[in-house]
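Taking it in order: structure first as structure tokens, then the write-up.
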Amino acid sequence: MADYNGTAWRSNASQGYFTDDFPFFDNTLWSVATSGGTWNVTSGALVQSDENLGNTNIYTPLTQNLSNRYLYHFTAKAEGSGTDRRFGFHYFCDDATQTNRGNSYFVWFRIDGQTLEFFKVVNNSFTAAQKIVSNVVTVPEQVYDFKIIYDRITGKTDVYRNNVLLGTWTDPAPFATGNAISFRTGNAKLTVNDLRVYRSRAASKTITVGNTASDIRYENPSLGMPAALISSLAADSAGNLSSLVTQNVNVDWSAPSNFTVNDGLGQDELITNSLTTLSANWTPATDQQSGIEKYSYAIGTFPGLNDVVDWTDVGLNTQVTVSGLSLTQNETYYYTVRAQNAAGLITGSASNGITVDVFTTNPQPITYNLTVVTFNPLEHSLIIKNTQSGAFLDIYDITGRKVYSKSLNHGENKIPVDYISAGMYIVKLSGTESKFEYKLIKP
């Protein structure tokens, strides 16, 4: 079980899993004991380079009491110029800071002695090997694949190299718990890579997701990159191991980003003169974990309602026009849009509403002889330059109520609007040569 933390593939060691491909030396995971050797990451591998030491020690915490069996998997090569080169792996340690890791087991390969040896450490002390397997040839500088399986119920340890079972030893009084693992060398250089720790499971396994105590702690870091890798292999009763199978797992618990819905097909509109058609457009939502799968919309007489048009999918389109409606004069209608990601999570957003007024047209001047000169939104005054005779100004609110009326002088007219409440208004100008409607917003 591995998840990506944004920098590297890791596992939740408190849940009994471990992953390190050694892209860099992670001192949040690994500790080197005092006089424990020279350990560095070189060319994407963990390397112990001091051949003069007889007992090096690098260790990392790992909970080992949650399953009956644990499988420790790594690649390694040993080398050096001496004549008593050896290396090994400690598991089920209860105090890895000590020289022999407190109470623990370790398997030990002697390059020059051509043996595999099984040791049990009690109270940081061990004597002779519990079992020695002879004629185990370890070629210096050759990379091997190691798998060590320990059953904490039966006490049995199996050691595989390149998927060949080299030896087995069973402890009649097995350790049932451990809190660390450790690599160890003696007068040798050791290079380690691709370290994994697996737990045994039943035919099915529930995987927890979503926080620091879970099996999978993170979401997909980006679209197309999985959050986790679940790997599994099987062993038959004869001790044969299957191939490793790995499954990518996508995790997304974050809803899509917020987005803005506008009435109309361009900039936001507040008035429509149609009794049958409503349009909307919206800014695209984003979702970096699983992507946007679809949008859906509804139309209602209040944001979020679907009492005019029920929820309808529009795929990945970011605009829609609905015709054949029966709209009501002076009624305000709202588009509500939902963005849904591939995980089924939804973010909704509603327009600020568009009001039906069949007597209002979009504000475009018919002739240059009647011109509005102001900023929109306006704050204090509305300035109108008039070159027509008999021109009038009327201001209506969105309910159609006239709130101001005035005949216009020739030239510049300054209309105070401080007394008008905040909102949207329609300015209607009429003269002998043209008529003009203009939509204004009072903040």
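Within the range 314-340, which residues are surrounded by fewer than 13 Cβ atoms within 10 Å (Cβ to Cβ) and at negative phi?
Across the range 314-340, the qualifying residues are Leu316, Asn317, Thr321, Ser323, Ser326, Thr328, Gln329.
With the checklist (1) more than 19 Å from Ala188 (Cβ to Cβ); (2) exposed (fewer than 15 other Cβ atoms within 10 Å of the Cβ); (3) aliphatic (A, V, I, L, M) in hand, flag the one item Val137 doesn't pass.
(1)
With respect to the numbered conditions (1) of a type outside the set (D, E, K, R); (2) in a strand (DSSP E or B); (3) free of Cβ contacts under 8 Å to residues at least 40 places away in the same chain, which one is the sole condition not fulfilled by Val337?
That leaves (3) as the condition not met.
For the subset of the range 402-423 comprising residues that are under 60 Å from the mean Cα position of the chain (by Cα), without any contact (Cβ under 8 Å) to a residue 24 or more places away in the chain and assigned to a strand (DSSP E or B), which member is nearest to Ala391 (Cα to Cα)?
Ranking the qualifying residues of the range 402-423, first place goes to Ser405.
In the range 31-50, which residues are assigned to a loop (DSSP other than H, G, I, E, B), in contact (Cβ under 8 Å) with a residue 24 or more places away in the chain and under 18 Å from Val143 (Cα atoms)?
Those that are assigned to a loop (DSSP other than H, G, I, E, B), in contact (Cβ under 8 Å) with a residue 24 or more places away in the chain and under 18 Å from Val143 (Cα atoms): Gly44, Ser49.
When you check Asn55 against the structure, is it in a loop (DSSP other than H, G, I, E, B), more than 18 Å from Ile148 (Cβ to Cβ) and either free of Cβ contacts under 8 Å to residues at least 24 places away in the same chain or hydrophobic (A, V, I, L, M, F, W, C) (or both), yes or no? Break it down stepwise before answering.
Details: in a loop (DSSP other than H, G, I, E, B): yes; more than 18 Å from Ile148 (Cβ to Cβ): yes; either free of Cβ contacts under 8 Å to residues at least 24 places away in the same chain or hydrophobic (A, V, I, L, M, F, W, C) (or both): no.
No, not satisfied.
So, of the residues in the range 279-312 that are farther than 22 Å from Gly344 by Cβ and of a type in the set (Gly, Ala, Ser), which turns out to be surrounded by the most Cβ atoms within 10 Å (Cβ to Cβ)?
Residues of the range 279-312 that are farther than 22 Å from Gly344 by Cβ, as a first pass: 279-281, 299-303, 305, 307-309.
Next, only the ones that are of a type in the set (Gly, Ala, Ser) stay: 279-280, 300.
Numbers: Ser279: 19, Ala280: 26, Gly300: 17.
Ranking the qualifying residues of the range 279-312, first place goes to Ala280.
Can you spot a residue in the range 93-104 that is farther than 15 Å from Ile181 by Cβ and touching a Lys or Arg at 6+ places or on another chain (Cβ under 9 Å)?
In the first step, residues of the range 93-104 are kept if they are farther than 15 Å from Ile181 by Cβ; the result is 99.
Narrowing further to those that are touching a Lys or Arg at 6+ places or on another chain (Cβ under 9 Å): none.
Within the range 93-104, not a single residue is farther than 15 Å from Ile181 by Cβ and touching a Lys or Arg at 6+ places or on another chain (Cβ under 9 Å).
Check Asn27 against each of (1) in a strand (DSSP E or B); (2) without any contact (Cβ under 8 Å) to a residue 24 or more places away in the chain and name the one condition it does not meet.
(1)
Each reported figure results from applying straightforward, stated rules to the coordinates on display, with no laboratory input. All of these numbers come straight from a predicted model, not from anything done at the bench. We place every Cβ from the backbone using ideal geometry, glycine too, and count neighbours over all the protein chains shown.
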